[in-house]
Structures are given as structure tokens and as C-alpha cells.
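Some notes on the structure that comes next.
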Amino acid sequence: MGHDHDHLPSEIRHEKPLWWALGLTTTFLLVEVVGAFWTNSLALLSDAAHMATDTLALMIALVAVRLSRRPPDARRTYGYARLEALGAMINGAMLFVVAAYILWEAIERFRQPQEIASTGMLVIAAIGLVINLISMRLLQAGSGESLNVKGAYLEVWADMLGSVAVIVGALLIRWTGWKPIDPILAVLIGLWVLPRTWVLMREAINVLLEGVPKGTDVARVRERLGDHDAVLDVHDLHIWALASSTPALTAHVVMREGSDADALRRTLGTRLHEEFGIDHVTLQIEADHCGEACGQPAKHDHDHDHDAQGHHGHVHR
């Protein structure tokens, strides 16, 4: 029997926190940019640059969330869910650019140390820390469910640590007067962010390349499908992610003669849902035409009949 496959998320839970975080980071970004030039602090400018990418990341995440609500159409039958991964890729690229710029500027500062207004640097960094902690709290819940929110959360988290580093640096400059502390902190902030950025981009690339979702064991899935008494063989098994939290599966299943195809689809669909969290399932059930006695796999028709599939009441919105 046929089912209506709707690939949109069932609810958009994290849009409001994104809006609040965007408002906070945008407001403080203006303050921090002015403060960085006023105090002549490269570490503070590094923190401001990360705050700018935070703002852009939140904007991209909000645009992706909005567009992902658009339903599938004749040209994009899966809808726009993968804009999430594209947004994460853009965020990661921006972080790499910012880190490269800060590292370049730090080299110049090592050659020619400059005077730093440590008191102003300290005050601005402390305000930034408070803003980042609030934004992190707002984004934390969604960071494990959406690549976009995770990207924004990672950037805010990195900026929070940057604010802590700037505070420490301002205190050390004030106490010791050693100017190279400022570019050293800027370099450390940049180097800390890069590995996290690569992890984010790697996850986004995996989604875009239709890779197996993180934490999914293909061999185990195949084994559990084949464990059913009515199943003789499982082939053409594909598992991928429509978005970071939307795994999908298609497979051809050869059943024993005399088995109930509809009952088998429902049972396997339920197993995939309960054991692996895979709800978007398309199973093509094939008859064992020659029977077990022939000892050879049945000839398979590779035309996928999506009216005969294993979706078992899970509607994707």
C-alpha cells in the first residue's frame, strides 16, 4: 500500500533560541569591534572576528531552518533538508578564513609589539563572556539534533573560550606589562577553533555525500534484517542521511515462499525504527521464485516499487 512520505521535520523547536542568540551576538559584535580598535588589542579583535562569524552562523542557520520548511516539489522531491549541511559548510569555511587572518596579524604583532589598553580590554571581554554564556544556554538543546544549530553552538562556544582567554590576557598585561601576551592569545584561540571546525565540516560533507549516518553500523543493520525467519537474503542495502537527524534506508529483501510480504515489511520496519531509529524506510520485497532447494539467489527485479515499501505509519513532516 502507498504512503505519503513527507521529509520535513515534525517541528521546528530551535528557531526562537536562534533568534535570541542572534540578537545578543549582533548587539555585542558592534561593541566589541569598536572596543578592539579603541584598546588596540589583537586578542580582542580575534574575539570580535569570531563573534562576527557567530552572527553569520546564526543568520545562516535561521535561513536554513526557514527554507527546510518548504515542502518537496517536482524538482526537489526530498525538499530542502540538506540546506542544513550547506549552512554548516559555509560556517566552517568562514571560521578557517578568520583563523588564517588572525594568525597572519599575530605574526606582525610579534615583530612589532603595540600598546594595549588592558582595562578596556578586560571590561569588554567580560561583557562578551556573559553574552556568550547566555547564547550557549539558548543553543545547547538543539546542538545535538541539527548541524546548523551545532555549527552556531560551536562558534559561540569557541568565542566564549576566547572571551575567557582575553580576560586572562588583559589581567596578565595589566600585572606584567608584557605585550606579546596579546598575539599569543590570539594564536591560541585560532588554533583551538580549527580542529572543531574540521569536525563540523566533516559531518556536513558526510551528509552531502550521502554517507552512512554517524553511529549507524551497516553490517549490524543487514544482520538484523536477515535475522527474520521469512528472509532469505538482503541486498542493495543503502543507508544515508537526508539531514543530520533524518536517516533513511532502502533495501531489497528476498522472502521465503509462502510468507506474507505486507506483514514482513511491517515487522522489519518496526525493527529498524526501534533498534536503529530509522523511520524513513523503503523495502522492496522479492519472492524466492526457485525456492530454497535451488541453492541460488533468486533473480531480482531492480525496479523499486515505492508503493510496496516498509514505511509503517511514521509520517515525516
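The values are calculated or read from the model by the stated rules, or taken from the named source; none is laboratory data. Treat the numbers as computed from the prediction; the structure is a model and nothing was measured. Every residue, glycine among them, receives a Cβ derived from its backbone with ideal geometry; neighbour counts consider all protein chains shown. Surface areas here come from the heavy atoms of the whole protein model, side chains and all, with no ligands, DNA or RNA. Shrake-Rupley method; radii C 1.70, N 1.55, O 1.52, S 1.80 Å.
Mind checking which residues of segment 118-139 are within 29 Å of the chain's Cα centre (by Cα) and open to solvent by less than 20 Å² (accessible area, probe 1.4 Å)?
125, 128, 132, 135, 139
Which one of these does residue 115 not meet: (1) in a helix (DSSP H, G or I); (2) open to solvent by 50 Å² or more (accessible area, probe 1.4 Å)?
(1)
Within segment 179-210, can you find the residues that are aliphatic (A, V, I, L, M), more than 11 Å from residue 88 (Cβ to Cβ) and in contact with a helix residue (DSSP H, G or I) (Cβ under 9 Å, 6 or more places away or on another chain)? Write out each step before concluding.
Within segment 179-210, the subset aliphatic (A, V, I, L, M) is 181, 184-189, 191, 193-194, 199-201, 204-205, 207-209.
When the remaining residues are screened for being more than 11 Å from residue 88 (Cβ to Cβ), the result is 181, 184-189, 191, 193-194, 209.
Correct list: 181, 184, 185, 186, 187, 188, 189, 191, 193, 194.
Show the residue pairs meeting these rules: Cβ distance below 6 Å; 6+ apart or different chains; first residue within segment 210-232 and without any contact (Cβ under 8 Å) to a residue 40 or more places away in the chain; second residue charged (D, E, K, R).
Filtered contacts from segment 210-232: 230/256.
Keeping to segment 13-51, report how many residues are without any contact (Cβ under 8 Å) to a residue 12 or more places away in the chain and closer than 21 Å to residue 107 by Cα.
So the answer is 1.
From the set of residues in segment 140-180 that are more than 17 Å from residue 32 (Cβ to Cβ), of a type in the set (Val, Ile, Thr) and open to solvent by less than 20 Å² (accessible area, probe 1.4 Å), which is modelled with the lowest pLDDT?
Only one residue tops the list, namely 149.
Residue 202 fails exactly one of the following numbered conditions: (1) over 21 Å from the mean Cα position of the chain (by Cα); (2) of a type in the set (Lys, Arg); (3) under 27 Å from residue 86 (Cβ atoms). What is the number of that condition?
(1)
Could you grab me the full set of residues in segment 257-272 that are more than 15 Å from residue 223 (Cα to Cα) and touching a strand residue (DSSP E or B) at 6+ places or on another chain (Cβ under 8 Å)?
257, 261, 264, 265
Taking the criterion of being over 30 Å from residue 242 (Cα atoms), surrounded by fewer than 24 Cβ atoms within 10 Å (Cβ to Cβ) and not acidic (Asp, Glu), would at least one residue in segment 77-90 satisfy it? Spell out how you get there, then give the answer.
Here is the first cut: in segment 77-90, the ones over 30 Å from residue 242 (Cα atoms) are none.
Checked segment 77-90: no residue is over 30 Å from residue 242 (Cα atoms), surrounded by fewer than 24 Cβ atoms within 10 Å (Cβ to Cβ) and not acidic (Asp, Glu).
Any idea how many residues of segment 46-82 are at pLDDT below 75 and in contact with a strand residue (DSSP E or B) (Cβ under 9 Å, 6 or more places away or on another chain)?
4
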